[in-house]
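Asker: After the structure tokens below, expect a handful of questions from me.
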Amino acid sequence: METTIYAKQLVCNNIEKYRGSYTLMWQLLILLLRQNGMVVGTDIAELLLKNQQQFPYEAVENTEGDGDGDSSAKSGDEEVVQDKQVIDAVASEQDVASAPKQILKTSSTISNPPGLTDAEITDKFRNYLLYGNVNEALDWATDNNLWGHALFLASKVDRRSHANVMMKFANKLSLNDPLQTLYQLMSGRQPSSVTSVQDERWGDWRPHLSMVLSNTSQKPELDRKSITTLGDSLFNRGDLYAAHFCYLMAQLGFGRYQESATQETTLQQHLPKLVLLGSSHYKSFNDFATNEAIMMTEIYEYACSLNDDKFSLVEFQPYKYMLATRLLDYGYNLRSLMYFEQIALHIQADPSKYESSFINKIYEFADRLKYYDPVLERSMDDQQQPVDGNLNNSQLANFEEQKWLQDLRSIAVQHKVECSAGGQIAETQSQIDQQFVELNKQFNELNMQYNSLGNVEQTPTFYNPETLQQQQQQQ
């Protein structure tokens, strides 16, 4: 995987081509809202399989040759059959009239040799063992799909035989089979599918992610790494919504937009993977910070807060401020004020995570828009209007503000005090440093005067007990 990514080479949010992934992202947000932000792996797996049923994967045709095209079509047909078997287990019954046409390679690999029944195959396996031919028995069992006998016998012989039988069993499956993903993950290895899906001809990614989420291994870090790698592969493939879906499943944090991401020499690993859902942060900022991306991220934040009151995306609050100012430009003063209120509540949760300039901006806008609050408007209407019909500043100051605005004001004032105190401390420290510089100068001047006197007069001797003791011993 390349270490540098150029913005113009990345996804262009092709909703028509990746309409399944686009719909899947919104379906995830709806599911989070319905279940109050609490979902488990099986819920996501069911969502993925329903999305696969609604938007079947369209395999990319290989135009290099007829033979390659036929082989890719066969592998695609096999995956469709296997995926339908999983869907039937968790969703409604599907029409499988076309299934016989799709079982091409699978039927040929599991069929018994012509002219031999299951009983005859088992009898020959037994005869090999009666004469002590264990290796021949294992070969016969694996070649004729007696996997139960083969695996049990190999596990009792030695590790090498067991590993050999396991390898043969895995090789019977196609490379893009979700069972391969499961077995590799349970073996403590990162599945090869998480990197192979970068090629669109390889197959659908949804069954593999569903398999990982439904069957978590004993190594959560391996699961997260595998899902993150799958998201990276889908991102390089051009499917932005699928990549962000995987990043959410891996529980990656949100980061800040960086202008350096649009430069060709920027290292990919130094950039965050999530900034706004549904938008590539490798684009210019104007193309990146769209209203839809901000709203999609806002819905995700709200859905997660239904399960955890303290949940907050600190890096996302400036984008909510941006959306509030856009609403203000279109005359939606009250809606803009409601956005400022929500931002203020996030700031109050942990003011230390926000810059003082951002807090002051939020307070200044909220203070100017507070009179559009219906509660304040009613209290103003209840007051006795003066003769000219206008309220002066002293009368406006008597109205009680909302508590969130009062708390925000106190935080803004506190930050100003801390900033001024920090400036005073820095100034005091600089003065102390200056005094030390002057003292060092004076000491240097005294040393120079002392050295000049030493050239004329004899250097004074100082009392040193060790030197005196050495002189006495010499005497």
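Asker: For region 175-195, name all the residues that are more than 23 Å from Glu46 (Cα to Cα) and open to solvent by less than 40 Å² (accessible area, probe 1.4 Å).
Answerer: Gly188, the sole residue that qualifies.
Asker: Sort out which residues of region 42-68 are surrounded by 15 or more Cβ atoms within 10 Å (Cβ to Cβ) and modelled with pLDDT under 90, and write them in order of number.
Answerer: Tyr57, Ala59, Asn62
Asker: Please find, among Ser260, Ser210, the residue that is at pLDDT 90 or above and assigned to a helix (DSSP H, G or I).
Answerer: Result: Ser210 is the single residue among Ser260, Ser210 that is at pLDDT 90 or above and assigned to a helix (DSSP H, G or I).
Asker: Follow-up. Among the residues of region 140-157, how many are without any contact (Cβ under 8 Å) to a residue 12 or more places away in the chain and open to solvent by 70 Å² or more (accessible area, probe 1.4 Å)? Walk me through how you get there before you give the answer.
Answerer: As a first pass, look at region 140-157 and keep what is without any contact (Cβ under 8 Å) to a residue 12 or more places away in the chain: 143, 148, 152, 155-156.
Now narrow it down to the ones that are open to solvent by 70 Å² or more (accessible area, probe 1.4 Å): 143, 152, 156.
Adding up the residues that qualify gives 3.
Asker: Right, another one. Among what's in region 274-324 and is in a loop (DSSP other than H, G, I, E, B), in contact (Cβ under 8 Å) with a residue 60 or more places away in the chain and open to solvent by less than 50 Å² (accessible area, probe 1.4 Å), pick the residue that is nearest to Ile359 (Cα to Cα).
Answerer: Filtering first and then ranking leaves Leu277.
Asker: Which ones in region 135-185 are under 25 Å from Ser210 (Cβ atoms), small (Gly, Ala, Ser) and in contact with a Leu (Cβ under 9 Å, 6 or more places away or on another chain)?
Answerer: Ala170
Asker: Of all residues in region 340-364, which are part of a helix (DSSP H, G or I), open to solvent by less than 30 Å² (accessible area, probe 1.4 Å) and touching a residue at least 40 places away in the same chain (Cβ under 8 Å)?
Answerer: Within region 340-364, Ala344, Ile347, Phe358, Ile359, Ile362 qualify.
Asker: Can you work out which of the residues in region 296-318 that are among the aromatic types (Phe, Trp, Tyr) and more than 19 Å from Pro351 (Cβ to Cβ) is farthest from the chain's Cα centre (by Cα)?
Answerer: Tyr302
Asker: Specify the residue that is farthest from Gly148 (Cα to Cα); the eligible residues are those in region 124-134 that are more than 55 Å from the chain's Cα centre (by Cα) and open to solvent by less than 80 Å² (accessible area, probe 1.4 Å).
Answerer: Taking the candidates together, the pick is Gly132.
Asker: Continuing with the same structure: Does Glu341 satisfy being within 24 Å of the chain's Cα centre (by Cα) and among the acidic types (Asp, Glu)? Break it down stepwise before answering.
Answerer: Numbers: within 24 Å of the chain's Cα centre (by Cα): no; among the acidic types (Asp, Glu): yes.
Considered against the rule, which asks whether it is within 24 Å of the chain's Cα centre (by Cα) and among the acidic types (Asp, Glu), Glu341 comes out as no.
The values are calculated or read from the model by the stated rules, or taken from the named source; none is laboratory data. All of these numbers come straight from a predicted model, not from anything done at the bench. Here Cβ is always computed from backbone atoms with ideal geometry, including for glycine, and neighbour counts include all displayed protein chains. In case anyone asks, the SASA skips ligands and DNA or RNA and just uses the protein heavy atoms, side chains included. Shrake-Rupley method; radii C 1.70, N 1.55, O 1.52, S 1.80 Å.
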